[in-house]
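Engineer: Here's a structure for you.
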Amino acid sequence: MNYNSPPKMLSAELSPHDEALVKKVSKRIIPFLILLYFFAYLDRVNISFAALQMNGDLGFSTTVYGFGASMFFIAYFLFEVPSNLVLSKVGARLWIARIMITWGLISTGMVFVSGEKSFYALRFLLGVAEAGFFPGIMVYMSGWFPRRYRARTAGVFMVAIPLSGLIGSPISGLILDNMNGVAGLPGWQWMFVVEGVPAIFLGIVCLWLLTERPADASWLTPPERERLEGILAEERRNLEAVQKYKLADAFTNPGVLLLAGILFCIVFGVTGIAFFLPLIIKSFGFSNTAVGFLSAVPFLCGAIAMVFWSRRSDAKGERLGHLAFPMIAGAIGFVVTAATLNFHAVALLGLVLAAIGVYCANSLLWTLPTSLLTGIAAAAAVALINSFANLSGIVAPPLLGWSRDLTGGFAATGLILTGVLLFGAVLVWIFSRSKLALGVRN
């Protein structure tokens, strides 16, 4: 097929020319989405580094810190589905721009934290502002990429999560140590400013760079636009031939609810890495700068593994085994860390394995929801899965912080994370044995 002339027919079967078209779309869309999610995730979890100074300056216990971290997820849970429904009405370009600008303003406003109440309030507002961003991006990508490419595109996009730790950790550590006291401000306040302002700028840029759908893409030729729209429409027709989905199906589909439970366990592990990795490494006796660079190691390994594992899943045409295996590996990593905290190098290797496990599992799961539902039901399902899963962000930080204060160490923290990931692997097995998995086996 030559894209310089109109195609003779529209088919969901993908040719080498179609693969070239998908690569063209990927090069245009994915790098910018990675940049957006990089700052989204960085602004969500940078309190893990702020805590190295902020907790002492403001007299916060680990339990207070954990509860404040969870306030983000309470708001995220409450506003996730409504935000994604608004996005489906007004379009991704406008709504994602709004999300980024407001969260950038609130993240920068974290410099005004002066006690527990202001800490809790600003973390809650940050969750309100960011709610809907990730599921909105997932729905947006499903409107650009055929099903067989979604694992690799999701994996490449979600590499922004470990990248935010890989790049953000050393930067955060350097800011804490080298900007502490500049203009009379402690380093943790400077960190919120330096890492929050770019989100505001990127939100404005979204209005110019994000293209709503293939039909609007001036950077594609007319035959390319027609072909891509045709492939995606054919996939939707094939799925809807089995059943036409309504909005209510997103809240009653057993597969959606089970995927939400699986993702709850995965995000619990991701939360453990994101919010407690610097504190665990700091307990080894390193400086803030050293903590920043050492924290980057698990994130680097997680980023590399995530891309490799998602591509392998696409190549093998298999999803559920590729989802369960890294969850088990992550559980092993956490238990190794819990058992070897006095042997710093081995404990760090355990954290590396844990990061690889949770990040690989996280990217794989997001290939599944749009294989169960279509249309507005798919948008609501993605938001529902994500909002329910992020309840783990409400539970995990206070629970893990409390376990640290109660026991005086992080061993119990690691064991809790191990148990949750193993339970998630069991849920994957239950899903794989049911009729629910028939539509997502390849």
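Engineer: Neighbour counts of other C-beta atoms within 10 Å: give me SER164, SER283 arranged from fewest to most. Don't skip to the answer; put the middle values down first.
Structural biologist: Numbers: SER164 24, SER283 16.
In order of increasing Cβ crowding within 10 Å: SER283, SER164.
Engineer: Still on this structure, I have one more. Please sort 37-48, 263-274 by packing, taking for each peptide the average over its residues of neighbouring beta carbons within 10 angstrom, highest first.
Structural biologist: Numbers: 37-48: 24.5, 263-274: 26.7.
Highest to lowest by the protection proxy: 263-274, 37-48.
Engineer: I've got another one for you. Let's see if you can work this out: charge +1 on each Lys and Arg Cβ, -1 on each Asp and Glu Cβ, no other charges. What is the dipole magnitude of the stretch 70-139 about its Cα centre, in debye to the nearest 20?
Structural biologist: Numbers: 5 positive and 3 negative charges, 36 e Å.
Charge dipole, the stretch 70-139, about its Cα centre: 180 debye, nearest 20.
Engineer: Sticking with this structure for a sec: State which helices in the chain qualify, where a helix is a whole DSSP H run, it must extend 15 Å or more along its own axis by its Cα atoms, and its mean Kyte-Doolittle hydropathy must be at least 0.5.
Structural biologist: Values: long enough: 16-45 (41 Å, 0.54); 62-90 (41 Å, 1.12); 92-108 (24 Å, 1.04); 116-130 (21 Å, 0.46); 160-178 (26 Å, 1.12); 187-209 (34 Å, 1.59); 222-242 (31 Å, -1.07); 254-282 (42 Å, 2.27); 288-316 (42 Å, 0.70); 320-339 (29 Å, 1.74); 344-365 (32 Å, 1.90); 375-389 (21 Å, 1.85); 392-407 (22 Å, 0.42); 411-432 (32 Å, 2.15).
Both cut-offs are met by 16-45, 62-90, 92-108, 160-178, 187-209, 254-282, 288-316, 320-339, 344-365, 375-389, 411-432.
Engineer: Continuing with this model, one more query. Considering only THR337, GLY143, ASN180, whose Cα is most displaced toward the positive end of the charge dipole of the stretch 18-435, charges sitting on Cβ of Lys, Arg (+1) and Asp, Glu (-1)?
Structural biologist: Selected residue: GLY143.
Engineer: Could you tally the net charge around VAL194, taking each other residue with its Cβ under 14 Å from the Cβ of VAL194, Lys/Arg +1 and Asp/Glu -1? Don't skip to the end; give the middle numbers.
Structural biologist: Details: positive: none; negative: ASP43, ASP177, GLU195.
Within the 14 Å Cβ shell, the charges total -3.
Engineer: Let me ask you something else. Determine, for CYS301, CYS360, the number of other Cβ atoms within 10 Å of each Cβ, and report the residues in order from fewest to most. Provide the component values of the computation, followed by the final result.
Structural biologist: Values: CYS301 19, CYS360 28.
By the 10 Å Cβ count, ascending: CYS301, CYS360.
Engineer: Now a separate question. Which residue fluctuates most in the GNM of the chain (Cα springs below 10 Å): GLY184, GLY350, GLY196?
Structural biologist: Highest fluctuation among the options: GLY184.
Engineer: Under a 10 Å cutoff between Cα atoms, tell me which one of SER295, SER88, SER114 has the largest fluctuation in the Gaussian network model of the chain.
Structural biologist: Of SER295, SER88, SER114, the most mobile in the Gaussian network model is SER114.
Engineer: Along the charge dipole of the chain, Cβ charges K/R +1 and D/E -1, which of VAL426, PHE79, PHE276 sits furthest on the positive end?
Structural biologist: My answer, from the dipole projection, is VAL426.
Engineer: Where Lys and Arg each count +1 and Asp and Glu each count -1, what net charge lies around ILE99 among other residues with Cβ under 13 Å from its Cβ? Mind dumping the intermediate values first?
Structural biologist: Values: positive: ARG44, ARG93, ARG98; negative: ASP43, GLU80, GLU130.
Here the count lands on 0.
Engineer: Taking the Cα centre of the stretch 18-435 as the origin and placing charges on Cβ (Lys, Arg +1; Asp, Glu -1), which of ASN386, VAL64, SER26 is farthest toward the positive end of the dipole?
Structural biologist: SER26
Engineer: How large is the charge dipole for the chain, taken about the Cα centre, if only the Cβ atoms of Lys, Arg (+1) and Asp, Glu (-1) carry charge, to the nearest 20 debye?
Structural biologist: Values: 31 positive and 22 negative charges, 194 e Å.
Dipole size: approximately 940 debye.
Engineer: Give me ILE231, ILE328 ranked fewest to most by other Cβ atoms within 10 Å of their Cβ, as a rough exposure proxy.
Structural biologist: Details: ILE231 22, ILE328 16.
Neighbour counts put them in this order, fewest first: ILE328, ILE231.
Taken together, the values in this text are just the output of simple stated rules run on the coordinates, not laboratory data. Since we're looking at a predicted model, the values are computed, not measured. Positions of Cβ are backbone-derived with ideal geometry, glycine not excepted, and every protein chain shown enters the neighbour counts.
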